[in-house]
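Following: one structure in structure tokens, then a few remarks.
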Amino acid sequence: MKTKNFTTTITVSQSPKAVFDAINNVRGWWSGEILGRTDKLGEEFTYRYEDLHRTTQKITEFIPGKKVVWHVLKSRISFVKDMAEWNGTEIVFEITKKSKKTQLRFTHTGLVRSIECYGDCSGAWSYIIKNSLRSLITKGKGQPIGKE
């Protein structure tokens, strides 16, 4: 049986460019503290949410209007036994035009059911992508948890 990575998809009326631009405005849709650039190939940024989650990502693919990939270099997720279980995973945003709409397919490669974080992390990603990022794309304002 093939291991399935966590994936979720949204479809919006905005252009692929608008979706791409919103993805790269990480502070506009992801809760927590972000240090570093999130909008350029090769850049690294650190994400921290309270004492629960800290990761460092490197932007390894950056194709305007089409795709963004973050490679997780380091992680510390304090609420699971293996706090480094995100190390080496990839966070992938794929953008495609579907008729008059734009589809965003989000995949966290390596976030699979067999790891402890899967339940909480997939639930968080679902909210973040389907609510906060969608809101930033469609309304110009994200809904990051804990931010006004």
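Give the number of residues within region 23-43 that are over 10 Å from LEU133 (Cα atoms), part of a loop (DSSP other than H, G, I, E, B) and either modelled with pLDDT of 95 or more or of a type in the set (A, V, I, L, M) (or both).
Residues flagged as over 10 Å from LEU133 (Cα atoms), part of a loop (DSSP other than H, G, I, E, B) and either modelled with pLDDT of 95 or more or of a type in the set (A, V, I, L, M) (or both) within region 23-43 amount to 9.
In region 87-107, what residues are of a type in the set (D, E, K, R) and assigned to a loop (DSSP other than H, G, I, E, B)?
Passing the criteria: only LYS100.
Return the pairs, sorted by first residue and then second, in which the second residue is among the basic types (Lys, Arg), the first residue lies in region 9-22 and is part of a strand (DSSP E or B), the beta carbons are less than 7 Å apart, and the residues are 6+ apart or on different chains.
THR9/ARG105; ILE10/LYS130; ILE10/ARG134; THR11/LYS98; THR11/LYS101; VAL12/LYS101; VAL12/ARG134
Tell me whether region 112-125 contains one or more residues that are among the small types (Gly, Ala, Ser), farther than 19 Å from ARG48 by Cα and free of Cβ contacts under 8 Å to residues at least 40 places away in the same chain. I'd like the intermediate steps shown before the answer.
Start the filter on region 112-125 by keeping residues that are among the small types (Gly, Ala, Ser), which leaves 114, 119, 122-124.
Now restrict to residues that are farther than 19 Å from ARG48 by Cα: 114, 119.
Still in the list and also free of Cβ contacts under 8 Å to residues at least 40 places away in the same chain: 119.
There is at least one residue in region 112-125 that is among the small types (Gly, Ala, Ser), farther than 19 Å from ARG48 by Cα and free of Cβ contacts under 8 Å to residues at least 40 places away in the same chain.
Going through ALA124, ALA84 one at a time, which residue ends up being surrounded by fewer than 20 Cβ atoms within 10 Å (Cβ to Cβ), under 13 Å from the mean Cα position of the chain (by Cα), of a type in the set (Gly, Ala, Ser) and not in a strand (DSSP E or B)? Before the answer, list the steps.
Details: ALA84 fails: under 13 Å from the mean Cα position of the chain (by Cα).
Selected residue: ALA124, the only one of ALA124, ALA84 that is surrounded by fewer than 20 Cβ atoms within 10 Å (Cβ to Cβ), under 13 Å from the mean Cα position of the chain (by Cα), of a type in the set (Gly, Ala, Ser) and not in a strand (DSSP E or B).
Taking the conditions exactly as written (among the basic types (Lys, Arg), farther than 24 Å from LYS101 by Cα and at pLDDT below 95), does LYS58 satisfy them or not? Outline the logic, then answer.
Working: among the basic types (Lys, Arg): yes; farther than 24 Å from LYS101 by Cα: yes; at pLDDT below 95: no.
In short, no.
Quick one: which of LYS74, LYS130, LYS58 is part of a helix (DSSP H, G or I) and either in contact with a Phe, Trp or Tyr (Cβ under 6 Å, 6 or more places away or on another chain) or surrounded by 14 or more Cβ atoms within 10 Å (Cβ to Cβ) (or both)? Spell out the reasoning first.
Working: LYS74 fails: part of a helix (DSSP H, G or I); LYS58 fails: part of a helix (DSSP H, G or I).
Of the residues listed, the single one that is part of a helix (DSSP H, G or I) and either in contact with a Phe, Trp or Tyr (Cβ under 6 Å, 6 or more places away or on another chain) or surrounded by 14 or more Cβ atoms within 10 Å (Cβ to Cβ) (or both) is LYS130.
Within the set of pairs 6+ apart or on separate chains, which have a first residue in region 85-99 that is free of Cβ contacts under 8 Å to residues at least 40 places away in the same chain, a second that is aliphatic (A, V, I, L, M) and part of a loop (DSSP other than H, G, I, E, B), and C-beta atoms under 7 Å apart?
Listed pairs, sorted by first residue: GLU85/ILE115.
The values are calculated or read from the model by the stated rules, or taken from the named source; none is laboratory data. Note that the structure is predicted; figures quoted are calculated from it, not measured. Reconstructed Cβ throughout: ideal geometry from the backbone, glycine too, with neighbour counts over all protein chains shown.
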